[in-house]
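> Sharing a structure, written as structure tokens. Questions coming.
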Amino acid sequence: MLGTVAIVGGSLGGLTAAETLRSEGFGGRIIVIEAESVTPYDRPPLSKQVLAGDWEPDRIVLPAARPERLAELDLEWKTGHAVGLDLADRMVGLGDGQRVGFDGLILATGATPRVLPGMGDLSGVHVLRTLQDCLVLRAELDASPSRVVVIGAGFIGSEVAATCRARGLSVTLVEALATPLERVLGSALGTVLADLHRDHGVDLRLGVGFAGFETSGEGGDQRVTGVRLSDGSLVPCDVVVVGIGVTPNTGWLAGSGLDLNDGVVVDDRLRAAPGVVAVGDLARWPSARFGGSMRVEHWENAIQSAEHAARTLMVAPESGAGGEAYDPVPWFWSDQYDRKIQLAGTCRPDDAIEIVEGSLDERRFVALFGREDRVVGVLGMNRPRHVMQLRVLVEEGEAWDAGLARARALVS
Amino acid sequence: MRVVVDFDLCESNAVCMGIAPEVFEVRDDDFLYILDEHPPEELRPKIEEAVRRCPKQAISIAED
Ligand SMILES: Cc1cc2nc3c(=O)[nH]c(=O)nc-3n(C[C@H](O)[C@H](O)[C@H](O)COP(=O)(O)OP(=O)(O)OC[C@H]3O[C@@H](n4cnc5c(N)ncnc54)[C@H](O)[C@@H]3O)c2cc1C
Ligand code: SF4
């Protein structure tokens, strides 16, 4: 019997799981353990509208965390860090020594930004994951820094660079690869993104690494004054934003017996152990569709996996049986300047790439990605409708040539 | 049931169209059009899904 469900991590994934449990008729106790003490919020606007200063934090409260909805959901909320999991006794340990028992457990602790050596407590150097991160960074941007250096031209770094430019700030964007997102999109599409930054006045430094921080001040009171790069150059600045990827928050599960490998490894029903499921940025699942295992850091996946995992728990809390396999076509968006980039499926630099509509020059296009003669991804720039229409080709695993023909017919 | 979209929030990413093309359509002008403001009751689960999946929380259902 599923009497009590504990959810560790009360953000997008965790709260969606709670909503799903209730909407599927679960009447037992739901205990949410969440490290942050602010009302749960949506993260994508942290690099966009909130950082820009267009939105205040009250606009990004998650729907499930609005007071009337929270009351309906009837959650027992515990603010604190989960520090350990005892699978035999079915208990989660909290930092303050409390122990929370459960019949079913939903792991939704997300991910934490990677840091650079020497960052420590250095003032002026930021990562961006939490509302607090965003507001501290925003306050520094409000003070009109002479230059912002963004390290890493992935999605978050690129969005931060775009938002800073929109605020009229001077920006240097540093990327170790030859083009932004080269390892995902390949160099042709990466070049489009590079040109997009340059045309918006970003000082883009490609193919160079971070070498160190220049600082002023003493002891615990040091502030960044510049960034040294691997080509020997020095970029003077007052603010640095580090966007070099995230690490899934599995540290607290070390020694629990769960399989941890760049995420919590789950089966195709999102189960990490009997009665234990993992969701969102944290979960690594086997994908029959794409082969191998997958872990994605996408907003939609947090929702979809949470809905799925909550149902898995309700169908078969203990046993290994029942439920459907989780094997979605992931979907992601990123807003940079006046461009909306969307990706359905997966892509790799060695995939076949074909532009089926628009052109790279216009920065308005849809590209199909193919691997082993199948359509595996659709990428659009300012073509949201077409990405959604063509997502079906990835869902069906359409053959490459047939997929191209269908795509051209669908978008024409 | 009446489908309501807050067009100040909507950013035309077409997620809703992917879920319920009978009701939502993003056209070539990149605007979202509601094809059927009063969709039949059997579409309710799909529309509720669109409400949950809209990254901008722009969709709601009003009961008439
Ligand atoms: C700045 C930014 C912009 C983004 N933009 C986009 C975008 O444009 N498009 C897109 O598709 N995705 C975007 N994302 C990604 C998206 O927000 C994430 O995929 C999503 O938040 C994942 O949800 P989650 O619930 O799995 O994890 P999280 O949102 O990280 O939530 C995990 C929660 O667990 C809590 N927690 C962690 N450890 C513990 C512990 N030991 N005990 C208790 N609680 C704990 C944390 O405090 C946190 O609240 C963006 C993310 C960021 C940070
Ligand atoms: S999902 Fe939301 S934001 Fe996207 S087109 Fe539909 S209403 Fe607009």
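> Go through the stretch A:167-220 residue by residue and tally those that are of a type in the set (Asp, Glu) and crowded, with 17+ Cβ neighbours inside 10 Å. Walk me through how you get there before you give the answer.
First, the residues of the stretch A:167-220 that are of a type in the set (Asp, Glu): A:175, A:182, A:195, A:199, A:203, A:214, A:218.
From the residues that got through so far, the ones that are crowded, with 17+ Cβ neighbours inside 10 Å too are A:175, A:182.
The number of residues fulfilling the criteria is 2.
> Then there is this: Please give the number of the condition residue B:15 fails out of (1) away from ligand 1 (no atom under 16 Å from the Cβ); (2) within 11 Å of another protein chain (Cβ to nearest Cβ).
Answer for residue B:15: the failing condition is (1).
> Pull up the stretch A:118-142, narrow it to residues that are open to solvent by 60 Å² or more (accessible area, probe 1.4 Å) and in contact (Cβ under 8 Å) with a residue 24 or more places away in the chain, then point me to the one that is nearest to residue A:76 (Cα to Cα).
Top of the filtered list is A:132.
> Something else: For the stretch A:23-42, how many residues meet the condition of being in contact with a Gly (Cβ under 9 Å, 6 or more places away or on another chain) and within 14 Å of chain B (Cβ to nearest Cβ)?
Adding up the residues that qualify gives 1.
> How do the pairs read when you match residues in the stretch A:155-170 that are in a loop (DSSP other than H, G, I, E, B) with residues anywhere that are of a type in the set (Lys, Arg) and more than 16 Å from ligand 2 (Cβ to nearest atom), using Cβ under 9 Å and keeping only pairs 6 or more apart or on different chains?
Here the result reads A:169/A:147; A:170/A:147, each pair linking the stretch A:155-170 to a residue that is of a type in the set (Lys, Arg) and more than 16 Å from ligand 2 (Cβ to nearest atom).
> Which numbered condition trips up residue A:47, out of (1) out of contact with any Lys or Arg (no Cβ under 9 Å at 6 or more places or on another chain); (2) surrounded by fewer than 17 Cβ atoms within 10 Å (Cβ to Cβ); (3) among the polar types (S, T, N, Q)?
For residue A:47, the failing item is (2).
> Hey, residue B:3 hits all of (1) more than 16 Å from ligand 1 (Cβ to nearest atom); (2) crowded, with 17+ Cβ neighbours inside 10 Å; (3) within 14 Å of another protein chain (Cβ to nearest Cβ) but one; which does it fall short on?
All conditions are met except number (3).
> Could we say that residue A:318 is at pLDDT below 95 and either more than 13 Å from chain B (Cβ to nearest Cβ) or more than 16 Å from ligand 1 (Cβ to nearest atom) (or both) here? Steps first, answer last, please.
Values: at pLDDT below 95: yes; either more than 13 Å from chain B (Cβ to nearest Cβ) or more than 16 Å from ligand 1 (Cβ to nearest atom) (or both): yes.
So residue A:318 fits the description; yes.
> Here's a follow-up. Among the candidates A:254, A:310, A:352, single out the residue that is aliphatic (A, V, I, L, M), outside the structural domain of residue A:18 (by TED's automatic domain parsing) and farther than 30 Å from residue A:144 by Cβ.
Details: A:254 fails: outside the structural domain of residue A:18 (by TED's automatic domain parsing); A:310 fails: outside the structural domain of residue A:18 (by TED's automatic domain parsing).
Matching residue, one of A:254, A:310, A:352: A:352.
> Here's another thing I want to ask about it. Take the residues in the stretch A:335-354 that are in contact with a Lys or Arg (Cβ under 8 Å, 6 or more places away or on another chain) and in a strand (DSSP E or B), then tell me which one is farthest from the other protein chains (Cβ to nearest Cβ).
A:352
> Residues of the stretch A:62-94 being over 15 Å from residue A:32 (Cβ atoms), at pLDDT 95 or above and either surrounded by 13 or more Cβ atoms within 10 Å (Cβ to Cβ) or in contact with an Asp or Glu (Cβ under 9 Å, 6 or more places away or on another chain) (or both), which ones?
Across the stretch A:62-94, the qualifying residues are A:83, A:84, A:85, A:86, A:87, A:90, A:91, A:93.
> Which condition from (1) away from ligand 1 (no atom under 15 Å from the Cβ); (2) over 30 Å from residue A:5 (Cα atoms) is the one that residue A:114 breaks?
(1)
> Any residue that is over 11 Å from the mean Cα position of the chain (by Cα), surrounded by fewer than 17 Cβ atoms within 10 Å (Cβ to Cβ) and within 23 Å of residue A:24 (Cβ to Cβ) - is there at least one of those in the stretch B:53-62?
Initial filter on the stretch B:53-62 (over 11 Å from the mean Cα position of the chain (by Cα)): B:55-56, B:62.
Checking which are surrounded by fewer than 17 Cβ atoms within 10 Å (Cβ to Cβ) leaves us with B:62.
Right, trim to within 23 Å of residue A:24 (Cβ to Cβ) and you get none.
No, there is no match, as no residue in the stretch B:53-62 is over 11 Å from the mean Cα position of the chain (by Cα), surrounded by fewer than 17 Cβ atoms within 10 Å (Cβ to Cβ) and within 23 Å of residue A:24 (Cβ to Cβ).
> Restricting to the stretch A:180-208, name every residue that is modelled with pLDDT under 95 and assigned to a loop (DSSP other than H, G, I, E, B).
Of everything in the stretch A:180-208, those that are modelled with pLDDT under 95 and assigned to a loop (DSSP other than H, G, I, E, B) turn out to be A:180, A:181.
> Kindly check whether there is at least one residue in the stretch B:32-42 that is surrounded by fewer than 18 Cβ atoms within 10 Å (Cβ to Cβ), facing chain A (nearest Cβ under 9 Å) and within 11 Å of ligand 2 (Cβ to nearest atom). Walk me through how you get there before you give the answer.
Here is the first cut: in the stretch B:32-42, the ones surrounded by fewer than 18 Cβ atoms within 10 Å (Cβ to Cβ) are B:33-38, B:40-42.
Keeping just the survivors that are facing chain A (nearest Cβ under 9 Å) gives none.
No, every residue in the stretch B:32-42 fails to be surrounded by fewer than 18 Cβ atoms within 10 Å (Cβ to Cβ), facing chain A (nearest Cβ under 9 Å) and within 11 Å of ligand 2 (Cβ to nearest atom).
> If I ask for residues that are under 22 Å from residue B:26 (Cβ atoms), more than 14 Å from every other protein chain (Cβ to nearest Cβ) and open to solvent by 40 Å² or more (accessible area, probe 1.4 Å), which ones from the stretch A:364-390 would you list?
none
The values are calculated or read from the model by the stated rules, or taken from the named source; none is laboratory data. Predicted model, so just to flag it, every value in this text is computed and none were measured. Positions of Cβ are generated from backbone atoms using ideal geometry, with glycine treated the same way; all protein chains shown enter the neighbour counts. For accessibility, only protein heavy atoms count, side chains too; no ligands or nucleic acids. Shrake-Rupley method; radii C 1.70, N 1.55, O 1.52, S 1.80 Å.
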